[in-house]
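Take a look at the structure below.
We did not get these values from a lab; they are worked out from the coordinates using the rules stated. Everything numeric here is computed off the predicted structure, so don't read it as measured data. Neighbour counts run over all protein chains shown; Cβ positions are idealised from the backbone, glycine included.
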Amino acid sequence: MKELETFIDNWNETDSKTKQAFIQIYEHLKTLEDTTLEFHARPKVSYSLRPRHNSQKNRSLFAMVDVIDDDPDDRWLSVCFYGEMITDPEEAGDLIPEGLLGEDGYCFDLYEYNKDEIRYLKQRLSQAHENAKE
């Protein structure tokens, strides 16, 4: 995870505080038991954090936390889940047909730090983690 730590260290926070939001999501993911994290960097496109429950057999992840890097001075987050792995009682996500590695998914876009939205995303991450067990 050295590449991820370097990415975070070199990320200049902006007024939107999306770096702070990403760090809180990352810290939450590290608390989930039996979880492996992968990091995929595509500079000027996205930086993707992909958590996987160690018992998963059919899928390589249970969520995807992307830092969208089309404008490094104004990065935003897109947190996506497989459609059947979460509920969305606040209807805050967007259903994206075939949007998560070719399967239907829900994506939640975060353009600025919001503690309530971060709390909601952490709940969805915990739910997906639980539902990812095989």
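Which of the helices in the chain meet the span-like rule: DSSP H, Cα axial reach of 18 Å or more, Kyte-Doolittle mean at least 1.6? Passing helices, by number: none. Within the range 7-91, the GluC sites (Glu not before Pro) that combine a DSSP coil assignment with at most 16 other C-beta atoms in a 10 angstrom radius are E13, E33, E90, E91. For the range 2-131, the tally of Lys pairs with Cα-Cα distances below 20 Å comes to 12, considering only residues 8 or more apart or on different chains. Using alpha-carbon positions, what is the distance between the centroids of the range 1-35 and the range 65-126, in Å? Centre-to-centre (Cα) distance: 15 Å.
State which stretch of the chain is the longest one without any exposed trypsin sites (Lys or Arg not before Pro), exposure meaning a DSSP loop state and at most 15 other Cβ atoms within 10 Å.
With a cap of 15 other Cβ atoms within 10 Å, the longest stretch comes to 60-132.
Matching the structure-derived P(r) over Cα pairs in 10 Å bins from 0, in percent against the labelled list (i) 11, 39, 36, 12, 1; (ii) 11, 27, 19, 11, 8, 8, 6, 5, 3, 1, 0, 0; (iii) 12, 47, 35, 6, 0 gives the label (iii). For the chain, the relative contact order comes to 24 percent (Cα pairs under 8 Å, sequence separation of at least 6).
Would you please classify the overall shape of the range 34-89 from the alpha carbon gyration tensor, given that a ≥ b ≥ c denote the square roots of the eigenvalues, rounded means a/c under 1.5, and beyond that prolate means a/b larger than b/c while oblate covers the rest? Oblate shape, in that a/c is at least 1.5 and b/c is the bigger or equal ratio. Working from Cα pairs under 8 Å separated by at least six residues, relative contact order for the range 58-111 is 33 percent.
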